[in-house]
Structures are given as structure tokens and as C-alpha cells.
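Inspection log for the structure reproduced underneath, given as C-alpha cells.
The values are calculated or read from the model by the stated rules, or taken from the named source; none is laboratory data. Just so you know, these numbers come straight off a predicted model, no measurement behind them. Don't worry about glycine lacking a Cβ; one is built from the backbone with ideal geometry, like all the others, and counts go over all protein chains shown. Remember, those area values only see protein heavy atoms, side chains included, never the ligands or the DNA or RNA. Shrake-Rupley method; radii C 1.70, N 1.55, O 1.52, S 1.80 Å.
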Amino acid sequence: MAKKPVFKFTANFERNLEGIELFLTELEAPQAFDDLLDELLETVIPNLERFPEMGSPFIPKTSVYPRKSRKTRTKSRA
């Protein structure tokens, strides 16, 4: 049986949630923040736990910009 992935919030994600909460509180719309949390807890997180490949990896397995080999870099300078 496959091991269920562990879902963790990053510190940056938590800071962003705090900013959203402050913004919505200043707009006098705290219920909108509660609705957002409900959606995260009831839909988004369970979906990410069930289908972890649908999310972006926190640390990519390979670089988006592959490094050139030393040989290739030397040739391009000539």
C-alpha cells in the first residue's frame, strides 16, 4: 500500500495567509477568509494528498535552466 503524502505549509504560505486575513479584515470581510480556509481544508489539501503530482514540487528534481558543461561554455566564448 502506498504511503500517504504528508502535507505541510511553508512559512511563506503561512505569511501569505496572514496577509490575506489582514487584508480581508480591513475590508470588513472576515467571513471571506473563513470561506478560504474552509476551501483549503475541505478541498485543496485533500486533493493534494490524494493526487500529490497535481501540485508543484517545493524543490524541483531538476533545474529549469540546465547548466552548460565546461566544454560547451568554452566553445561559446570563442
Enumeration of residues in region 31-78 that are open to solvent by less than 100 Å² (accessible area, probe 1.4 Å), over 19 Å from residue 8 (Cβ atoms) and at pLDDT 95 or above: 32, 33, 34, 35, 38
Residues located in region 24-55, provided they are without any contact (Cβ under 8 Å) to a residue 12 or more places away in the chain and acidic (Asp, Glu): 26, 28, 34, 35, 38, 39, 42, 53
Residues that are part of a loop (DSSP other than H, G, I, E, B), loosely packed, with under 11 Cβ neighbours inside 10 Å and free of Cβ contacts under 8 Å to residues at least 24 places away in the same chain, drawn from region 1-23: 1, 2, 3, 6, 8
